[in-house]
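The values are calculated or read from the model by the stated rules, or taken from the named source; none is laboratory data. Every value quoted in this text rests on a predicted model; they were computed, and no experiment measured them. Cβ sites come from the backbone with ideal geometry, for glycine too, and all protein chains shown count toward neighbours.
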Amino acid sequence: MDAILLQIFNGLDKGSAYALIALGLTLIFGTLGVVNFAHGALFMIGAFCSVTLQRLLTLSHETLDPTKLDFLGNPSKIKTPYIVEWFGADAGNTIIDWSVPLAILFAIPIMLAIGYVMERGLIKHFYKRPHADQILVTFGLAIVLQELVKHYYGANPIQTPAPDALSGVMQILPGVVYPAWRVVYFCFSLAIIGGVFAFLQFTTFGMVVRAGMADRETVGLLGIDIDRRFTLMFGIAASVAGLAGVMYGPINAPNYHMGMDFLVLSFVVVVVGGMGSLPGAVLAGFLLGILESFASMREIITLIPGINQIIIYLVAIVILLVRPRGLMGRKGVME
Amino acid sequence: MSKNNLTRRGVLKSGAGIGAGVALPTIFTASSAGAFTNEPTGNTVTLGFNVPQSGPYADEGADELRAYELAVEHLNGGGDGGMLNTFSSKVLDGTGILGKKVEYVTGDTQTKSDAARASAQSMIQKDGAIMITGGSSSGVAVAVQGLCQEAGVIFMAGLTHSNDTTGKDKKANGFRHFFNAYMSAAALAPVLKNLYGDDRKAYHLTADYTWGWTQQESIAAATEAMGWETVNNVLTPLAQTDFSSYIAPVLDSGADVLVLNHYGGNMVNSLTNAVQFGLRNKQVNGKNFEIVVPLFSRLMARGAGENIKGIVGSTNWHWSLQDEGSKAFVKSFGTKYGFPPSQAAHTCYVQTLLYADAVTRAKSFNPCDVVAALEGFEFDGMGNGPTLYRAEDHQCFKDVLVVKGKENPTSEFDLLEVVEVTPAAQVTYPADHPMFAGGNLGTCNPGA
């Protein structure tokens, strides 16, 4: 029973990342009609915002310690972070320890700016081009972005640990423990998803955007500058992906390729959920996350070897055969 | 009416001319019979360094390339000479190889077999490389080794740990200095028994490709021989990033040891996930739960951060070794680049010197002469103690290091501590060992 519960939690946890990325993808597709293959790269950039903040917070003042020798026999360099010098050891180390949560504040303006530049600088020129062109240009952009990150940060994963207070395990049910940060990630993703839905549902801006998603031309005829709002939605979608990346860092160490690792799966999630359907993206994200987790169980793999590697794609094929518009997709959209 | 000007002198001249003409092709034929692929004819010789310059092992590839550049510098008489000063063979004198200045070209394996073969082929056909070396993956090593065998050039493998490289996929033109999965298991088993006892239940997570399979087989055999039970082995996709759904079943499996047969990003992620799930603080069967990572690399250890502390594994070489060869190499490398070399850099540097030495001793670049010079070659002073390049499978036999993630590192490089240096005799196996069966070394191919 515990094993099943753990796999459900694992599934929800994985599904959180899928849902957050798929949510952004769907927002962009629903508003701008663009199939954005660079969305995984935005997730990766978010994670590297966290790496960057961690490096900024640990910028250090170096002193030589003649009593200790380095690997070449020279006096060792002792590094003291400036932040520790300025705020004292306790406060300084606490700030460094909480660098990942702090990176949320750091990442939001960066991701908004990246989203804005990306949409205005490149993607807007492809609105009227076929989806194949959009896929090619955004995929190319994703490769450029990941190579840039690799150039500056290297190919190896870089740890961005969770704060000490949240890095252990916590008891979620009697006798069942689970990594605390994964619980935080799940709750965080629920908050972001809820926030995006509330923003679209309960604000005037959101209503206009939803109206634009349903009928862009009519909204334009009413004198509303829908393009400007959609550009902002692109920035919001980029921020959602970026924040998903920031918070994912303590689960798996950020590396330049992590966006690509999630991209294909997230597209499958979007297709299964229904292109353009925000609730569909979220539902499919959690559903496929749980299915993937159960498919990795020993008993299941023993019964059907290799099922863990194909389950998501298998489900996608079945859904597309039975219900081409996806679980919650609108009739006629990418059907 | 014709006029016949036939004279005795004319016949002799014509005969000589025809004779020379007939002989000429024979002379060339004789010459080409002794020739070989990319025989160096000028005053330079070109080596091909095929390393991952992109992809997940690009950092390791960059370190390999640094080592190759250092080796070329030393062979051409530059720098402080590094391990040329400590190498037991003294034929290399800093004047290149057989008096020819060493030049090099590089290729990008991308850690993909097809890309690695393409870049090796390009270096052989277009750049005239006479020897190919490098790589950070067993899949790549096996693929490029096969290509070099067909092309008639020597392949000096870089970092490749699968038993298959010098087992079922061994080739006469290929040589491996790096240790292998069997050796890791043979070195680790006694240390594990010492640390954790002989009554343990091990759960394996294994990367689903040639290296993972051979490592799991080797570790399971070695630990079962000392009394451990293997409760499960789960194959994980190479592209897996989140291992939580594979770790969770470990919790109620009854296992008290988790063996991670993962390398690179897989290892960093699976170890991080295992630590997140609290396995290191868990008690099972009245014992502390333990995690073992059979193949360690300092570069990967850095990626794993704090999680690596106290984890036991094995490595081919470590910069903290205090023998004269290691110290000379660390000094050369560290002075040039500002940080200590990795085990990948070490094996690539050594392989380059070993190739140059073999050519010099053979007094020939002909691959078959080089193979003969390397087979059964015994040497020392290269950082691993007395070493043998076994003739039967072209595998180096030398001491193996068992290491542990350091609890209190003194610098960003000081991540691993050597727990034990396992003597070569303890990790040596017969050439016909079942784990290495199925292959045929064949005969050397000089190409051309």
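Looking at B:Leu205, B:Leu238, just one residue is within 14 Å of chain A (Cβ to nearest Cβ) and either buried (at least 24 other Cβ atoms within 10 Å of the Cβ) or in contact with a Cys (Cβ under 7 Å, 6 or more places away or on another chain) (or both), and that residue is B:Leu205. Between a first residue in the stretch A:157-183 that is crowded, with 19+ Cβ neighbours inside 10 Å and a second residue that is charged (D, E, K, R) and in a loop (DSSP other than H, G, I, E, B), which pairs have beta carbons less than 8 Å apart while being 6 or more apart in sequence or on different chains? If the second residue must be charged (D, E, K, R) and in a loop (DSSP other than H, G, I, E, B), no pairs are left. Listed by position, the helices (runs of 4 or more DSSP H) enclosed by the stretch A:238-335 that each have at least 1 residues that are under 13 Å from the mean Cα position of the chain (by Cα) are A:258-273, A:278-295. Taking the criterion of being of a type in the set (A, V, I, L, M) and without any contact (Cβ under 8 Å) to a residue 12 or more places away in the chain, the residues of the stretch A:137-153 that qualify are A:Ile143, A:Val144, A:Leu148.
B:Glu306 - would you say it is over 25 Å from A:Ile300 (Cα atoms), within 14 Å of chain A (Cβ to nearest Cβ), more than 24 Å from the chain's Cα centre (by Cα) and free of Cβ contacts under 8 Å to residues at least 60 places away in the same chain? For B:Glu306, the condition - over 25 Å from A:Ile300 (Cα atoms), within 14 Å of chain A (Cβ to nearest Cβ), more than 24 Å from the chain's Cα centre (by Cα) and free of Cβ contacts under 8 Å to residues at least 60 places away in the same chain - is met. Just one of the listed residues (A:Phe199, A:Phe234) is touching a residue at least 60 places away in the same chain (Cβ under 8 Å) and either surrounded by fewer than 24 Cβ atoms within 10 Å (Cβ to Cβ) or part of a helix (DSSP H, G or I) (or both), and it is A:Phe234. Among the residues in the stretch B:395-405, are any closer than 16 Å to B:Ala187 by Cβ and polar (S, T, N, Q)? Yes - at least one qualifying residue is present in the stretch B:395-405. Residues that are within 7 Å of chain A (Cβ to nearest Cβ), surrounded by 20 or more Cβ atoms within 10 Å (Cβ to Cβ) and either outside any helix (DSSP H, G or I) or of a type in the set (D, E, K, R) (or both) within the stretch B:242-278 comprise B:Asp242, B:Phe277, listed in sequence order. Tell me, which residue of the stretch B:211-233 that is surrounded by fewer than 21 Cβ atoms within 10 Å (Cβ to Cβ) and closer than 28 Å to A:Ile310 by Cα is farthest from the chain's Cα centre (by Cα)? Within the stretch B:211-233, the match that is farthest from the chain's Cα centre (by Cα) is B:Val231.
Taking the stretch A:76-91 as the search range and keeping residues that are part of a strand (DSSP E or B) and β-branched (Val, Ile, Thr), which one is modelled with the highest pLDDT?
A:Thr80
Checking the stretch A:274-296 against the condition returns a match, with at least one residue being of a type in the set (A, V, I, L, M, F, W, C) and without any contact (Cβ under 8 Å) to a residue 24 or more places away in the chain. Looking across the stretch B:314-346 at every residue that is part of a helix (DSSP H, G or I) and farther than 16 Å from B:His74 by Cβ, the one that is nearest to the other protein chains (Cβ to nearest Cβ) is identified as B:Ala344.
Let's see how each residue does on (1) touching a Leu at 6+ places or on another chain (Cβ under 8 Å); (2) of a type in the set (D, E, K, R); (3) more than 28 Å from A:Phe234 (Cα to Cα); (4) within 13 Å of another protein chain (Cβ to nearest Cβ):
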position	(1), (2), (3), (4)
A:His125	no, no, no, no
A:Ile135	no, no, no, no
A:Gly140	no, no, no, no
A:Ile143	no, no, no, yes
A:Gln146	no, no, no, yes
A:Gln159	no, no, yes, yes
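Being of a type in the set (D, E, K, R) and either loosely packed, with under 14 Cβ neighbours inside 10 Å or under 30 Å from B:Pro340 (Cβ atoms) (or both) is not true of A:Asp13. Residues considered: A:Ile312, A:Ile307, A:Ile301, A:Ile290. Of these, the only one that is under 19 Å from B:Gln240 (Cα atoms), within 12 Å of chain B (Cβ to nearest Cβ) and touching a strand residue (DSSP E or B) at 6+ places or on another chain (Cβ under 8 Å) is A:Ile301.
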